[in-house]
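One structure is given here, and the rest of the page talks about it.
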Amino acid sequence: MAESKSEKNRLEKRQAELQDWFFDILPSLDDSAAPAPLQALSGDASFRRYFTSTCGDRIYVLVDAPPEKEDAHTFVQIAGNFLTAGINVPEVFASDFSRGFLCLSFLGETLLWEHLDQLRQDNRLVDVNQAYHHAFDILLKIQGIREGSEILLPPYDSVLLGAEVDLFRDWFCGGIMKLELTSGDHELLDGFFEHLIDSALGQTQVCVHRDYHSRNLLYAADGNFGVLDFQDAVIGPVTYDLVSLIKDCYISWPKAMIKEWALNYANMAQTAGIIPGYEADQFLYAFDMMGVQRHLKAIGIFSRLYLRDGKAGYLADIPRTMAYIKEVLADYPQHFQFAMWLEKHIYPMLWTRLRAVTGRNAGQ
């Protein structure tokens, strides 16, 4: 799905406007150094685009967040609340909400994902463990933000949770897999999805980043990782961000390590007063069901990014994400029916369909 010429021209025009705006506001930032032209940063799964400009020894991040597509107001509000809570998020130097332009501080360029991948290659598992525990410390700060005091966020309610899992049904099952679902299929999916939603709503409800993973954390040697992409934060299930982090769609770890991390986090959260006393099996079940919900959502989003937006790169992450679901369902015989539905309708044709929609091998 090649980018159209008109779309390319539109994006170039937006970038030029963003650069002109940035050059205009530089004097108000007390920066007299001559700015370098904008350089694009790697894109994300939204309509936002990020650029940098170097001015002397300072680097600024410029954000193009089209106001008809993105809510820059919410980003700025949550950034301020997170900073107050001691979380290392970008400082907002300037904003133009009418045009969707932001100027932010630069937190670094090494994603936690890159750092973890190098540690894995070097078999430095002690350092991997330390990195995740730093991320737990930051997560506890996020979860310690209380609704109605420092921050006012929408609830992660049954409507939103249900809309997310329906992305799997609509964009992946219907769009990528080309399944024609029967009334029986819909009934089975509805029943399983309802269970996932009930499990999520039954958990302690806290401030949820909603995309807390290794590609939204910037590595810092002192453990004070930079936190990005928090504008969709909600009040929701306590295990959601934990699942996002240690059952990451972009890097995977052995099941035993994930279980140990999950229970270590639970102990930390209890000590911090985030959750009350807990039973390990019950906590792990809630964690696993939250993971299935998130991974179904992620697969749907990856599919939509390709089918609607022409972004094929995320399709390579579908097999890893699907493997998490398969692994979890194998541990819970009460979900045998949904597991068998996936065995019948999804797994046998997954690689074939991914190759068919892209015309190439999608990460096998």
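Worth pointing out:
To keep it simple, each residue is scored yes or no on (1) touching a strand residue (DSSP E or B) at 6+ places or on another chain (Cβ under 8 Å); (2) surrounded by fewer than 18 Cβ atoms within 10 Å (Cβ to Cβ); (3) free of Cβ contacts under 8 Å to residues at least 24 places away in the same chain.
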{"position": "296", "(1), (2), (3)": "no, no, no"}
{"position": "303", "(1), (2), (3)": "no, no, no"}
{"position": "315", "(1), (2), (3)": "no, no, no"}
{"position": "318", "(1), (2), (3)": "no, no, no"}
{"position": "330", "(1), (2), (3)": "no, yes, yes"}
{"position": "345", "(1), (2), (3)": "no, yes, no"}
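- Selected residue [in contact with a Cys (Cβ under 8 Å, 6 or more places away or on another chain), assigned to a helix (DSSP H, G or I), touching a residue at least 40 places away in the same chain (Cβ under 8 Å) and not hydroxyl-bearing (Ser, Thr, Tyr)] from 25, 78: 25
- Residue in the range 258-275 that is surrounded by the fewest Cβ atoms within 10 Å (Cβ to Cβ), counting only those that are aliphatic (A, V, I, L, M) and in contact (Cβ under 8 Å) with a residue 24 or more places away in the chain: 272
- Selection count, the range 169-218, where residues are under 22 Å from residue 81 (Cα atoms) and of a type in the set (A, V, I, L, M, F, W, C): 5
- Filter pass, residue 241 being acidic (Asp, Glu) and within 14 Å of the chain's Cα centre (by Cα): yes
- Only one of the listed residues (290, 322) is under 17 Å from residue 196 (Cα atoms), in contact with a strand residue (DSSP E or B) (Cβ under 9 Å, 6 or more places away or on another chain) and assigned by TED's automatic domain parsing to the domain that holds residue 156. That residue is 290.
- Within the range 111-121, tally of residues that are surrounded by fewer than 16 Cβ atoms within 10 Å (Cβ to Cβ) and either in contact with a Leu (Cβ under 7 Å, 6 or more places away or on another chain) or in contact (Cβ under 8 Å) with a residue 60 or more places away in the chain (or both): 3
- Test: residue in the range 148-170 that is under 17 Å from residue 338 (Cβ atoms), in the same structural domain as residue 306 (by TED's automatic domain parsing), among the β-branched types (Val, Ile, Thr) and surrounded by 13 or more Cβ atoms within 10 Å (Cβ to Cβ): yes
- For the range 7-21, the set of residues classified as closer than 12 Å to residue 63 by Cα and either outside the structural domain of residue 37 (by TED's automatic domain parsing) or of a type in the set (Asp, Glu) (or both) consists of 17 only.
- Residue 278 in the same structural domain as residue 173 (by TED's automatic domain parsing), within 21 Å of residue 113 (Cβ to Cβ) and surrounded by 15 or more Cβ atoms within 10 Å (Cβ to Cβ): no
- Candidates 132, 156: the one that is hydroxyl-bearing (Ser, Thr, Tyr) and more than 24 Å from residue 302 (Cα to Cα) is 132.
- If you go through the range 129-165 and keep only what is among the β-branched types (Val, Ile, Thr), assigned to a helix (DSSP H, G or I) and in contact (Cβ under 8 Å) with a residue 60 or more places away in the chain, you end up with 138, 142, 165.
- Lone qualifier among 195, 213, 186 - being in contact (Cβ under 8 Å) with a residue 24 or more places away in the chain and out of contact with any helix residue (DSSP H, G or I) (no Cβ under 7 Å at 6 or more places or on another chain): 195
- Residue 26 being in contact with a helix residue (DSSP H, G or I) (Cβ under 7 Å, 6 or more places away or on another chain), among the aliphatic types (A, V, I, L, M) and more than 17 Å from residue 108 (Cβ to Cβ): no
- Criterion violated by residue 95 - all others in (1) farther than 24 Å from residue 221 by Cα; (2) small (Gly, Ala, Ser); (3) touching a residue at least 60 places away in the same chain (Cβ under 8 Å); (4) surrounded by 15 or more Cβ atoms within 10 Å (Cβ to Cβ) satisfied: (3)
- Failed criterion for residue 323 (all others in (1) surrounded by fewer than 15 Cβ atoms within 10 Å (Cβ to Cβ); (2) free of Cβ contacts under 8 Å to residues at least 40 places away in the same chain hold): (2)
The values are calculated or read from the model by the stated rules, or taken from the named source; none is laboratory data. Keep in mind that this is a model prediction, so the values were computed, not measured. FYI the Cβ positions are ideal-geometry reconstructions off the backbone, even for glycines, and counts take in every protein chain you see.
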